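Novice: Before we start, here is the structure in question, set down as structure tokens.
Please treat every number below as a calculation from the coordinates, not as lab data. Please read these numbers as outputs of a predicted model, since none were measured by experiment. With ideal geometry, Cβ positions are generated from the backbone for all residues, glycine too; neighbour counts draw on all protein chains shown.
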């Protein structure tokens, strides 16, 4: 994934680093920051492994593409994402200052609510206001996202992007599966349909768990996704040369038709600034 030309809005976010992470993944997805898709809902799913490397990929991808990004980060702090982003050639602080990145730090918002501190000086309710209410209505978070991504007359970004890491945390904080699915539905309508942008969400799943609420949300998201990237841990356990397997599921149609999904399966190895992908059983270390 190469840097964009200096004339693009995101050019000043780059560092003089070598080729950024996930070049091979872009090739597998036939994706390029020079021509980002529009109106797509992408589900990042992980089982028995940590799929956060996919979140870092899409964050750097869309910032380099010159898109306006609203990042709902419920799992880690801003400093964590910024450190990783710098390895990928993106400066999140500069992107925030320029108005290209709107970052919702979920950990800080939770602490502010717990200790009764004001989330916003403007007097607006916290996006996580549902935590302090009897209902699990996620309207405040939806309003925050809609306001953040609705383009102003002076905006020159290519398109809006909503990125959520990770959706499972909302259930842990007390939101009901229905509230979470309604929230995603309205985000898809506004971001994907009305604004012709993209939505990318990460959700954890465990095939052996008895967490029916999370399973219900995962199943619903799978049915409504245009693209699913499913990272899975190896059933054989830890391996230093193969870190996991990824299924790339391209939905040919979201309607009830006879068309089958297109599925590709690869194994991968995560390095400091790179992820390599190869066919199952064809790891360079083995060959």
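Novice: Could you rank the peptides 221-230, 157-166, 269-278 by their average count of other C-beta atoms within 10 Å per residue, with the highest value first? Each step should come with its number before you reach the end.
Specialist: Numbers: 221-230: 18.5, 157-166: 24.7, 269-278: 14.8.
In descending order of packing, they fall as 157-166, 221-230, 269-278.
Novice: Take the Cβ-Cβ distance between residue 252 and residue 93 as r, set R0 to 41 Å, and report the resulting FRET efficiency rounded to the nearest 0.05.
Specialist: Values: r = 40 Å, r/R0 = 0.98.
The computed FRET efficiency comes out at 0.55.
Novice: Now for a separate question. Considering all alpha-carbon pairs of segment 73-201, what whole percent are spaced by more than 21 angstrom?
Specialist: Working: 3555 of 8256 pairs.
The answer is 43 percent, as a whole percent.
Novice: Here is a follow-up. Fewest Cβ neighbours within 10 Å first, please rank 252, 43, 173 accordingly.
Specialist: Numbers: 252 11, 43 24, 173 15.
With the fewest neighbours first, 252, 43, 173 line up as 252, 173, 43.
Novice: Report the rotationally averaged projected area of segment 193-243 based on its alpha-carbon convex hull, in square nanometres. Provide the component values of the computation, followed by the final result.
Specialist: Working: hull surface 21.2 nm².
If I average the Cα hull's projected area over directions, I get 5.3 nm².
Novice: Once both labels are modelled 7 Å past Cα along the beta-carbon direction, what's the residue 137-residue 273 spacing in nm?
Specialist: So the two model labels end up 4.9 nm from each other.
Novice: To the nearest µm²/s, what D does Stokes-Einstein give for segment 52-98 at 20 °C and 1.002 mPa s, using the Kirkwood radius over alpha carbon pairs as Rh?
Specialist: Values: Rh = 10.7 Å.
Answer from the Stokes-Einstein relation: 199 µm²/s.
Novice: May I pose another question? Express in % the proportion of alpha carbon pairs of segment 188-278 at distances exceeding 19 Å.
Specialist: Values: 2291 of 4095 pairs.
The answer is 56 percent, as a whole percent.
Novice: Could you work out how far apart the two model spin labels at residue 34 and residue 147 are, taking each label as a point 7 Å from the Cα in the direction of the beta carbon, and quote it in nm?
Specialist: 3.9
Novice: If you average 1/r over all unlike Cα pairs in segment 140-198 and invert the result, what Kirkwood radius do you get in angstrom? Each step should come with its number before you reach the end.
Specialist: Details: mean 1/r = 0.0809 Å⁻¹.
After inverting the mean inverse Cα-Cα distance, the result is 12.4 Å.
Novice: Please provide three numbers in whole Å: the alpha-carbon extents of segment 15-93 along the principal axes, with the largest listed first.
Specialist: Computed over the Cα atoms, the extents are 34, 30, 23 Å.
Novice: Tell me, 96, 240 in order of fewest to most beta-carbon neighbours within 10 Å?
Specialist: Values: 96 15, 240 7.
Ranked by crowding around the Cβ, least crowded first: 240, 96.
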